[in-house]
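Novice: Below is one structure. I have some questions about it.
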Amino acid sequence: MLRPPKLPTEFNSLMDKIDAAIKEGAVYSPPVSGSNRQSIQAFDLNGDGVDEAIVFLKTAQEKQLLNIQIYKKQDEEYVLFDTILGFGEMVNNVQYTELTGDKQIEMIISYKVGNVKALSVFKYTDEKMVEVLNTNYSSYAVTDFVKSGQKNLLIIQLQPADLTGTIELYQCVEEVLVKTSTAPLSKDILQLDRIVSGSLADKTPALYVVSTYQDTNNIITDVFINSEDGIKNLSLNESQGVSTETARSLKIYAVNIDNDPSNAIDIPRPRALPPYNSDQPSEPHYLVDWRDFDSSGKISTVLTTYQSTNDGWLLVIPDRWDDRLTVNVTQMADGTLTTFALLGLDKSTRFVPMDVLKIYFVRRRLNETVVSGDNIILSETDGYYMLAEIIQPVGDEKMAMTKEELRKSVNFTKSEWLTGVLP
């Protein structure tokens, strides 16, 4: 007869203490965002090789208080070491990381009080959990920003009244967490969208802050690095107060588009294509130039893509197509046909597009899809089939893609585009 596994004695003692608090009206209140969302978490806070237990509760009082209990292991049981009381409605996020260089793990706890977001950093000492930082915040990031091997805390503060914002760099100075410098965000910020940690083209650590600005259709990326004078907004046009080179009206986010091993983040810059048929105006289509900064502020284009945002794929555009390309998208009963064409191949019909590639993204069986020419099956995913037809343009066959080039050039929307969710 099978028996359930016997739980360790120390775990039973911990659950007995939690059950006692719950019987008196306390309830579990775990963090609502981030990767650490459990009601009971285990981390070695003091660096002795033994995990402490961290329990997230709300008290039984009329105005429930956040109640974070820290238990340490003694012999064969967990004993209550300290309790962190918060006045917020909920714990938004918790992170465990070493910030002060003493081999101990700090707890970064963010929570909400009405419309205000607050952040506290707690440190384990021999006697209790000590709060080493408390501040309001709009968002924050934890990364080795100054390239010292030690994590840094960066806190963003928005001022909604005048649509401005700053970012603050906190570093460890003699084992104390200190705000060492600040830098401005672009002006006219409406809200923060996401934060991505990565590097510049020359491997300098950087933080990319993406925001909605001016109106809900525009986004902008501020690129921050550490300099001799502290944190610096590398992308900011100081005379205008805006990162003009990264402003855009399409919501495409910064990402390591070419899988650079140093995680250099590429910033998209859309540009409109000429119409496929000037006599029949349609929705504009765009190419996206993916561009890198280096630490001097120089900008270089890494590659250019066409994004099919609805179907979730992209095509890397050959340099030989760049200044001649136009695109036409046709909605079919069971999918989409995207046609790539080049202008000016035939000098006698300069503005007539010549098709060079068709990509079908359709929901039906392959043998029911009728296409002519040099067909290539690119992918099958979630019931959809992706096929391509390469067309040899008359008069300049070198402009056509090869099968090998096409397979290397087509990819699906990168999962990294979904990262950078705000803490």
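The values are calculated or read from the model by the stated rules, or taken from the named source; none is laboratory data. The structure presented is a predicted model; accordingly, all values stated were derived computationally and were not measured. No Cβ is skipped: glycine too gets one built from the backbone with ideal geometry, and neighbour counts run over all protein chains shown.
Novice: Hey, among the residues in the stretch 245-266 that are more than 17 Å from THR204 (Cα to Cα) and of a type in the set (S, T, N, Q), which one's modelled with the lowest pLDDT?
Specialist: The selected residue is SER249.
Novice: In this structure, does VAL196 turn out to be under 23 Å from LYS232 (Cβ atoms) and assigned to a strand (DSSP E or B)?
Specialist: So VAL196 passes the test.
Novice: Only one of these is buried (at least 19 other Cβ atoms within 10 Å of the Cβ) and part of a loop (DSSP other than H, G, I, E, B): SER235, SER282. Name it.
Specialist: SER235
Novice: Here is a follow-up. For the stretch 97-127: of the residues being basic (Lys, Arg) and more than 17 Å from PHE43 (Cβ to Cβ), which is surrounded by the fewest Cβ atoms within 10 Å (Cβ to Cβ)?
Specialist: Only one residue fits best here, namely LYS112.
Novice: In the stretch 118-144, which residues are modelled with pLDDT of 90 or more and either of a type in the set (Lys, Arg) or more than 25 Å from the chain's Cα centre (by Cα) (or both)?
Specialist: PHE122, LYS123, TYR124, LYS128, MET129, VAL130, GLU131, VAL132, LEU133, ASN134, listed by residue number.
Novice: Taking the condition on the phi < 0 side of the Ramachandran plot, assigned to a loop (DSSP other than H, G, I, E, B) and polar (S, T, N, Q), does GLN157 pass?
Specialist: So GLN157 fails the test.
This table checks each residue for (1) aromatic (Phe, Trp, Tyr); (2) at pLDDT 95 or above; (3) within 13 Å of the chain's Cα centre (by Cα); (4) buried (at least 22 other Cβ atoms within 10 Å of the Cβ).
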{"position": "LEU190", "(1), (2), (3), (4)": "no, no, no, no"}
{"position": "PRO205", "(1), (2), (3), (4)": "no, yes, no, no"}
{"position": "VAL209", "(1), (2), (3), (4)": "no, yes, yes, yes"}
{"position": "PHE224", "(1), (2), (3), (4)": "yes, yes, no, yes"}
{"position": "GLN240", "(1), (2), (3), (4)": "no, yes, no, no"}
{"position": "SER243", "(1), (2), (3), (4)": "no, yes, no, yes"}
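Novice: Another one. Given the conditions (1) free of Cβ contacts under 8 Å to residues at least 60 places away in the same chain; (2) of a type outside the set (A, V, I, L, M); (3) in contact with a Gly (Cβ under 6 Å, 6 or more places away or on another chain), report the number of the one that ASN259 does not fulfil.
Specialist: It is condition (3) that ASN259 fails.
Novice: If only one of ILE299, ILE317 is within 20 Å of ARG407 (Cβ to Cβ), surrounded by fewer than 20 Cβ atoms within 10 Å (Cβ to Cβ) and of a type outside the set (D, E, K, R), which one is it?
Specialist: Just one listed residue meets the conditions, ILE317.
Novice: Also: Taking THR135, is it within 14 Å of LEU169 (Cα to Cα) and without any contact (Cβ under 8 Å) to a residue 60 or more places away in the chain?
Specialist: For THR135, the condition - within 14 Å of LEU169 (Cα to Cα) and without any contact (Cβ under 8 Å) to a residue 60 or more places away in the chain - is met.
Novice: Just to verify a result, which residue in the stretch 172-188, among those that are without any contact (Cβ under 8 Å) to a residue 60 or more places away in the chain and within 24 Å of LYS123 (Cβ to Cβ), is surrounded by the fewest Cβ atoms within 10 Å (Cβ to Cβ)?
Specialist: GLU174
Novice: What pairs can you find where one residue is in the stretch 158-171 and closer than 13 Å to SER138 by Cβ and modelled with pLDDT under 95, the other is surrounded by fewer than 19 Cβ atoms within 10 Å (Cβ to Cβ) and among the basic types (Lys, Arg), and their Cβ atoms are less than 6 Å apart, with a gap of 6+ or different chains?
Specialist: So the pair list comes out as THR164/LYS187.
Novice: Pick from ASP82, ASP126, ASP102, ASP144: which is at negative phi, free of Cβ contacts under 8 Å to residues at least 24 places away in the same chain and charged (D, E, K, R)?
Specialist: ASP126
Novice: Then there is this: Regarding the stretch 284-292, can at least one residue be identified that is closer than 30 Å to ASP188 by Cα, among the basic types (Lys, Arg) and in contact with an Asp or Glu (Cβ under 7 Å, 6 or more places away or on another chain)?
Specialist: Yes, because at least one residue in the stretch 284-292 is closer than 30 Å to ASP188 by Cα, among the basic types (Lys, Arg) and in contact with an Asp or Glu (Cβ under 7 Å, 6 or more places away or on another chain).
Novice: Separate question: Taking GLU106 as the residue in question, decide whether it is touching a Lys or Arg at 6+ places or on another chain (Cβ under 7 Å) and within 30 Å of LYS72 (Cα to Cα).
Specialist: Yes: the conditions hold for GLU106.
Novice: Here's something else I'd like to know. Could you list, in sequence order, the residues of the stretch 293-317 that are out of contact with any Asp or Glu (no Cβ under 7 Å at 6 or more places or on another chain), in a loop (DSSP other than H, G, I, E, B) and over 20 Å from VAL362 (Cα atoms)?
Specialist: Hits for the stretch 293-317 are SER296, GLY297, LYS298, ILE317.
Novice: Just a yes or no: is a residue in the stretch 245-264 part of a strand (DSSP E or B), of a type in the set (A, V, I, L, M, F, W, C) and either more than 30 Å from VAL142 (Cβ to Cβ) or in contact with a helix residue (DSSP H, G or I) (Cβ under 9 Å, 6 or more places away or on another chain) (or both)?
Specialist: The answer is yes, given that some residue of the stretch 245-264 is part of a strand (DSSP E or B), of a type in the set (A, V, I, L, M, F, W, C) and either more than 30 Å from VAL142 (Cβ to Cβ) or in contact with a helix residue (DSSP H, G or I) (Cβ under 9 Å, 6 or more places away or on another chain) (or both).
A quick yes/no check of all residues on (1) of a type outside the set (A, V, I, L, M, F, W, C); (2) surrounded by 13 or more Cβ atoms within 10 Å (Cβ to Cβ):
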position: SER33; (1), (2): yes, yes
position: GLY49; (1), (2): yes, no
position: ALA53; (1), (2): no, yes
position: THR59; (1), (2): yes, yes
position: TYR71; (1), (2): yes, yes
position: GLN74; (1), (2): yes, no
position: PHE81; (1), (2): no, yes
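Novice: While we're looking at this one, here's another question. Filtering the stretch 73-96 down to residues that are acidic (Asp, Glu) and assigned to a loop (DSSP other than H, G, I, E, B), which residue is farthest from ILE40 (Cα to Cα)?
Specialist: So, considering only residues that are acidic (Asp, Glu) and assigned to a loop (DSSP other than H, G, I, E, B), the one farthest from ILE40 (Cα to Cα) is ASP75.
Novice: Please go through the stretch 105-123 and give me each residue that is free of Cβ contacts under 8 Å to residues at least 40 places away in the same chain and not in a strand (DSSP E or B), ordered by number.
Specialist: GLY114, ASN115
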